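Step one of this worksheet: look at the structure below.
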Amino acid sequence: MTKRQQCERLYNSAFGEDSEFDTMLFDMFFDYIETLEIDGIIAAMYFKIPCVLNQKGKRSRAYYIYAVTTHKDFRHKGLMSRLFKDTQLEKDTLYFLKPSSEGVIPFYNQAGFKQIIGTRDITDAVIEVDDNFKKLSDLCDKPNNTYPIMIKGITTINKLTFEYTLE
């Protein structure tokens, strides 16, 4: 089984299937998947999708962390913490995600993320995405005007404009 097939299977087991969205996601962003393998099996993965943080005209690197999942046979062994530690090393970079539920927030806090407000309104900190990301986001439901966002790296932000969430 190829790496992509393993990632697709792991993703579908965690998040279900939506063939149009899933196909677009993997076609556009497969090169941005971070994985941890054990004995040839992808045990943990997530998408680390490049974006830009624009703070009043100052642009910085940012990554949208999406579809964080661990294979059911490898859960509760610290693998995702290890994968985050090994793949989120860039300085002056914002790592951000929209937690899937309140239950995962303690894990993200332990991994160094802090919770702030995400919004579709314009703030001093805006996430810019490429056209592929916009096309994929158009297939998704839009969150309420404000919602929780978790950030790591550049943590001086209290409110983040991100209108292209994938949910």
Taking a ≥ b ≥ c as the square roots of the Cα gyration tensor eigenvalues, with a/c under 1.5 meaning rounded and otherwise prolate when a/b beats b/c or oblate if not, the range 28-81 comes out prolate
Largest fluctuation, Y147, Y66, Y46 only, Gaussian network model of the chain with Cα springs under 10 angstrom, belongs to Y147
For the range 3-161, the charge dipole (Cβ of Lys, Arg +1; Cβ of Asp, Glu -1; about the Cα centre) points to a positive end, and the Cα of H71, Q5, S101 closest to that extreme belongs to S101
At R0 = 25 Å the Cβ-Cβ FRET efficiency linking I117 and R59, nearest 0.05, sits at 0.70
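Where a number appears in this text, it was derived from the coordinates with a stated rule and is not lab data. Here the structure is a predicted model, which is why all the values come from computation and not from measurement. Using ideal geometry, Cβ is built from the backbone for each residue, glycine included, and neighbour counts are taken over all protein chains shown.
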